[in-house]
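Report on the structure given below.
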Amino acid sequence: MPIEEFIHKPEQESYFRFLNEIGPHLIGLNKPLNILETGSMHTRGSRAFTLLFGHLAQMTSGRLITIDIDPEGLSKCREITKEYEDSITYVCQDSVSYMESLSRESVQELDLIILDSWDLDVFDPLPSQIHHLRELLSVVKNLKDCVVMVDDNFLPGSWIDVFYGDGSVRRFETGKDHVGKGTLVRRLLGDWGWTEGFDGIAGCNNVHWFWPPKQ
């Protein structure tokens with residue numbers, strides 16, 4: 001697996017803390033891993049979830065399901081991850097619809113869910129937040145010992161510069177609010193007794209992940 005995909009940068013601290021926790025946990029299960037990802041990787045970059053977890057699925061004789069509604073994006077994902085394609089199921093469908101179609105047994109077999117589908121617009125975050133909550137609600141009651149991760153989150157006291165194609169830049173400040181794909185997911189899982197792995201760093205784009213309540 002190309003190491004340049006995973007260069008540790010300060011602004012990616014929560015991402016690498018996630019990998020440092022989830023990697024040993026998953027390998028320690030000593031079983032074929034079952035991982036579900038919403039939102040496939042379309043380009044090579046530092047958060048190469050499909051590439052990384054496709055590798056882990058292959059290494060453990062498991063399966064990664066990656067779901068994307070964009071046919072062109074999914075085609076690009078296939079090309080990037082072709083060395084692991086025998087261990088990846090590529091699904092071109094709305095993620096909520098697909099997840100709602102899964103059997104209870106299939107959901108119970110999941111070891112990790114990555115929620116990263118609907119792009120976050122920091123100036124209008126609610127559509128992304130609601131979509132990721134709907135993804136979670138479609139499976140959460142049937143999960144069994146599964147870690148849930150959601151990407152792209154900004155803590156209170158953060159600011160983000162958004163660059164547009166015409167060269168203009170618009171700054172967004174979170175103020176006292178948590179703004180991210182996982183805002184509603186984080187609130188719900190916290191209320192239901194899930195444990196957050198790392199609450200993040202102000203000023204950075206944070207990964208949030210959650211350990212299920214102990215049975």
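Here are some notes:
- The local environment of residue 29, defined by Cβ-Cβ distances under 15 Å, has a net charge of -1 under the rule Lys, Arg +1 and Asp, Glu -1.
- Our summary of shape: the Cα atoms of the chain have principal axis extents of 46, 40, 32 Å, ordered from largest down, in whole angstrom.
- Dipole of segment 117-215 [Lys/Arg +1, Asp/Glu -1 at C-beta], most positive-end residue of 190, 120, 149: 190
- Packing here is the average count of other Cβ atoms within 10 Å per residue, and on that basis the peptides 127-137, 21-31, highest first, run 127-137, 21-31.
- For segment 49-88, the dipole from Cβ point charges (+1 on Lys and Arg, -1 on Asp and Glu) about the Cα centre works out to 120 debye, to the nearest 20.
- Sites residue 162 and residue 20 - FRET efficiency at Förster radius 25 Å, r taken between beta-carbons, to 0.05: 0.25
- In this Cβ point-charge picture (+1 for Lys and Arg, -1 for Asp and Glu), the chain has a dipole of about 520 debye about its Cα centre.
- 19 Å reach of a label modelled at residue 172, 7 Å along Cα-to-Cβ, counting backbone N of segment 94-122: 115-122
- Two-site label geometry, residue 188 and residue 108: point separation in nm, points 7 Å out along Cα→Cβ: 2.1 nm
- Length gained on full extension, residue 201 to residue 89, computed as 0.36 nm times the residue gap minus the Cα-Cα distance: 37.0 nm.
- Computed over the chain: relative contact order in percent, which uses C-alpha pairs under 8 Å that are six or more apart: 20 percent
- Net charge of Cβ neighbours under 12 Å - reference residue 172; Lys, Arg +1; Asp, Glu -1: -3
- Pairwise label distance in nanometres, residue 43 with residue 126, each label 7 Å out on the Cα-Cβ vector: 3.0 nm
- Burial ordering of 119, 111, 94, fewest other beta-carbon atoms within 10 Å first: 119, 94, 111
- Under 12 Å, Cβ to Cβ, from residue 183 - net charge with Lys/Arg +1 and Asp/Glu -1: +1
- Peptide ranges 102-108, 49-55 listed from the most packed, as the mean C-beta count within 10 angstrom indicates: 49-55, 102-108
Readers should treat all values here as calculations from the given coordinates under stated rules, not as data from a laboratory. In this text, all values refer to a predicted model and were calculated from it rather than measured experimentally. Backbone-built Cβ (ideal geometry, glycine too); neighbour counts: all protein chains shown.
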